[in-house]
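Colleague: Here it is: the structure, laid out below.
The values are calculated or read from the model by the stated rules, or taken from the named source; none is laboratory data. Everything numeric in this text was worked out from a predicted model, so none of it was measured. Note that we place each Cβ from the backbone using ideal geometry, even for glycine, and neighbour counts take in every protein chain shown. What goes into the accessible areas is simple: the full protein's heavy atoms, side chains included, and nothing from ligands, DNA or RNA. Shrake-Rupley method; radii C 1.70, N 1.55, O 1.52, S 1.80 Å.
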Amino acid sequence: MAESATDPLLLLIRSLTTGEKNHFHRSVSKGGDNKYLILFNIIESLPEASEKQIQSEYKRKTGNTGQYARIKAYLYHRVIESLSDYHTRNVPRVEIHELLKQAEVLLLKQLRTPLRDVLKRARQLVEDAEAWEMMPELIWREKASIPIELSPDEIYEQIQKLNLQLSESLNNIHELHEIGDISFLLATETNNEFRYSEIEYRERLGRITSNPTFQKPFAAFNSERARISVLSMRAFYYLAVNDYEGFVREAEKLFERLRHSEKATTEHYLRYANNLANVIVALHLLKRPADALPYLTEFEKLLQLLGSMGFREKYNPLYVLYLLSRARILFALDRFTEVIELQAQFIAIESAVLWSAATNWRRQQFFILLSGAYLLDNQPKIASRIISRALQDDSGRKRPFAEELRQLELAISYDLNDEDRMESLIASLRRKQNKLDPKEQLTGTNAYETACYVGWTELMHHRGQQPEQKLIFRQLYHELTTQRLGKPEHDERTRFVFERWIKKKADEGEG
């Protein structure tokens with residue numbers, strides 16, 4: 001991974017829009033020995049340079065040899081400060097923070113009349129943005145701004161009114177926290193579903209969804225922020241229980257509210273993007289990939305909207321999510337050449353984006369799709385190179401795609417007539433089967449792996465006998481898809497690549 005992919009300052013400056021850059025230049029001094037501005041201009045003019053290259057260029061231009069780290073830290077502070085100022089009138093929460101800071105100064109000066117004007121503006125923004133977490137701080141200052149010339153009864157009445165509003169805002173904050181906690185716990189259980197039996201898994205989900213907030217009627221949620229959050233939470237529940245029809249239905253309710261307001265879209269863009277990606281996956285698993293195309297278009301519009309806010313594609317991890325979603329649907333529609341065409345865009349982002357554990361998981365899925373696309377596009381040699389890279393990346397992961405990669409490697413080896421490689425892979429399958437308890441019923445991944453092992457052993461036995469091989473491919477495809485029927489697992493999100501190749505082999509020469 002390139003050094004520049006993890007450096008906060010480089011990522012920050014390269015994410016700036018033209019307007020943000022211009023504002024930064026206006027906000028700093030143009031005269032004197034402004035070394036941090038020189039560093040800013042170097043980073044901006046060398047978009048692909050590494051940290052070492054930038055440091056070398058900086059020293060060449062300034063002759064500075066000992067202050068680079070300090071100048072760099074100061075520049076980061078100034079850019080953040082400039083962005084905060086630039087977005088004060090564009091992002092409500094930023095403006096609220098700024099107004100509350102102004103209110104603190106006015107309160108210290110005991111300038112109550114201008115203080116009340118500032119707090120009035122802040123309250124309007126808090127209510128419009130439903131920024132309930134800022135309401136307690138606002139109310140604290142509003143109490144301090146009550147005119148002391150009022151009668152005691154009038155002061156008491158205002159305090160009681162503010163206390164009631166404080167109580168309501170705290171209830172709203174608690175409600176949002178409850179929704180967030182439930183969603184997070186559902187995600188945690190979903191990511192670890194493979195650890196439990198189906199009964200244990202359902203019981204664990206049941207304990208989470210017994211929370212009163214989950215059971216609360218939708219109409220009982222007062223704020224739009226809470227309603228959007230609860231729709232996302234309930235949609236995710238259907239995803240957790242593998243009810244993809246239910247998930248698509250609930251997610252569409254969420255999208256309808258988000259589409260209604262551009263403000264809501266930008267406020268909840270991360271939730272919007274994740275649910276768009278999950279709907280695309282759900283429609284694919286429901287064997288309705290063509291229905292996902294409008295959601296891809298919607299994803300593109302969201303990315304364009306975010307671009308206008310300062311999210312540049314190359315440095316936006318959400319664009320990775322979009323490319324993966326697009327690759328999945330194009331693959332399902334047998335548009336393998338178009339999947340391959342996404343490779344250049346993906347690699348360009350891969351060298352720049354700050355990869356998280358979740359994004360690395362998506363990268364691995366993309367390379368599985370890309371390998372399969374090359375394989376089904378009759379380019380097994382390139383597929384072999386791609387799968388080798390995926391296998392290398394997978395070796396250090398906590399949630400490996402080992403089984404999927406091994407199956408896809410078998411398919412590639414078959415098309416390359418690499419019998420030694422196939423024998424080695426089948427031997428690894430055999431070792432895994434030998435460790436299974438023959439007295440226990442095979443389910444889930446173990447049943448799938450066993451079917452794969454038996455099928456490939458048969459194929460190797462009948463190598464070169466076309467009619468038998470065609471029949472074995474047909475039987476293997478039926479066996480593998482039957483093992484997954486009604487038992488969706490997260491592994492299923494990539495296993496279809498291998499199965500699509502098996503189906504192609506079963507269908508070759510027919511009709």
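Colleague: Being assigned to a helix (DSSP H, G or I) and surrounded by 14 or more Cβ atoms within 10 Å (Cβ to Cβ) is true for just one of Asn163, Asn172. Which residue is that?
Modeller: Every option except Asn172 fails the conditions.
Colleague: Among residues belonging to segment 381-402 that are at pLDDT 75 or above and not basic (Lys, Arg), point out the one that is surrounded by the fewest Cβ atoms within 10 Å (Cβ to Cβ). Let's see the steps before the verdict.
Modeller: Going through segment 381-402, the residues at pLDDT 75 or above turn out to be 381-391.
So of that shortlist, the ones also not basic (Lys, Arg) come out as 382-384, 386-388, 390-391.
Details: Ile382: 17, Ala383: 25, Ser384: 19, Ile386: 24, Ile387: 26, Ser388: 14, Ala390: 21, Leu391: 18.
Once the filter is applied, the top-ranked residue is Ser388.
Colleague: Right, here's the next one. May I ask you to list pairs of residues, at least six apart or on different chains, whose Cβ atoms are under 7 Å apart, with the first in segment 39-55 being in contact (Cβ under 8 Å) with a residue 24 or more places away in the chain and among the aliphatic types (A, V, I, L, M) and the second being open to solvent by 30 Å² or more (accessible area, probe 1.4 Å) and part of a loop (DSSP other than H, G, I, E, B)?
Modeller: Ile54/Leu46
Colleague: If you check Ser223, Ser183, which single one turns out to be touching a residue at least 24 places away in the same chain (Cβ under 8 Å), of a type in the set (Gly, Ala, Ser) and buried (at least 17 other Cβ atoms within 10 Å of the Cβ)? Don't jump to the end; show me each part of the working.
Modeller: Details: Ser223 fails: buried (at least 17 other Cβ atoms within 10 Å of the Cβ).
Only one candidate qualifies: Ser183.
Colleague: Could you pull out every one of the helices (runs of 4 or more DSSP H) wholly within segment 275-380 that has 1 or more residues that are under 18 Å from the mean Cα position of the chain (by Cα) and at pLDDT below 90?
Modeller: 293-308, 317-332, 343-350, 357-376
Colleague: In this structure, is Arg202 basic (Lys, Arg), free of Cβ contacts under 8 Å to residues at least 12 places away in the same chain and either open to solvent by 60 Å² or more (accessible area, probe 1.4 Å) or within 30 Å of Ser232 (Cα to Cα) (or both)?
Modeller: When the stated conditions are applied, Arg202 does not pass them.
Colleague: Collect the residues in segment 243-271 that are open to solvent by less than 80 Å² (accessible area, probe 1.4 Å) and of a type in the set (A, V, I, L, M), keeping them in residue-number order.
Modeller: The answer is Val248, Ala251, Leu254, Leu258, Ala264.
Colleague: Could I ask something else about it? Do we have Arg123 as under 19 Å from Asn163 (Cβ atoms), open to solvent by 20 Å² or more (accessible area, probe 1.4 Å) and of a type outside the set (Asp, Glu) here?
Modeller: Judged against the criteria, Arg123 is a match.
Colleague: Let me ask you something else. Consider Glu440 against the criteria (1) of a type in the set (D, E, K, R); (2) at pLDDT below 80; (3) more than 38 Å from the chain's Cα centre (by Cα): it satisfies all of them except one. Which criterion is unmet?
Modeller: (3)
Colleague: For residues in segment 480-511 being of a type in the set (Gly, Ala, Ser) and more than 30 Å from Glu189 (Cβ to Cβ), which is modelled with the lowest pLDDT?
Modeller: Gly511
Colleague: Quick check on my filter: what residues within segment 414-428 are assigned to a helix (DSSP H, G or I) and of a type outside the set (A, V, I, L, M, F, W, C)?
Modeller: Selection gives Tyr414, Asp415, Glu419, Asp420, Arg421, Glu423, Ser424, Ser428.
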